[in-house]
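Before any comments, here is the structure.
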Amino acid sequence: MLSVLTTWIRTHLPQSERGQDLIEYALLGGLLATLIIAVAGILTVAGANPLETMMEGIEGCIDFQAGGCDPF
């Protein structure tokens, strides 16, 4: 009975590996996004917040403030 069940499962499961690359890239993208968010959070908690300084500089470029455009 068990051998019949395992034979049935093996014949009905897909044997191709199509879509495997897509799953791997999605997992890698999720890992990178998690790392970027973690680093940004650590920088914010540590008090050194270069991301906020950069965003304020970019905001000055977009709003064309008199202070000039200095995103970095």
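Bear in mind that the values in this text are calculations on the coordinates, not laboratory data. Bear in mind the structure is a predicted one, so any value in this text is a computation, not a measurement. When we count neighbours, we look across all protein chains shown, and the Cβ atoms used for this are built from the backbone with ideal geometry, even at glycine.
For this structure, a couple of remarks:
- Karplus-derived HN-Hα couplings along segment 22-36 (A = 6.51, B = -1.76, C = 1.60, θ = phi - 60°), whole Hz, x at Gly and Pro: 4, 5, 5, 5, 5, 5, 5, x, x, 5, 5, 4, 5, 5, 5
- If you plug the beta carbon distance of residue 31 and residue 3 into 1/(1 + (r/R0)^6) with R0 = 30 Å, you get a FRET efficiency near 0.15.
- Highest average packing first - 23-35, 1-13, Cβ atoms within 10 Å: 23-35, 1-13
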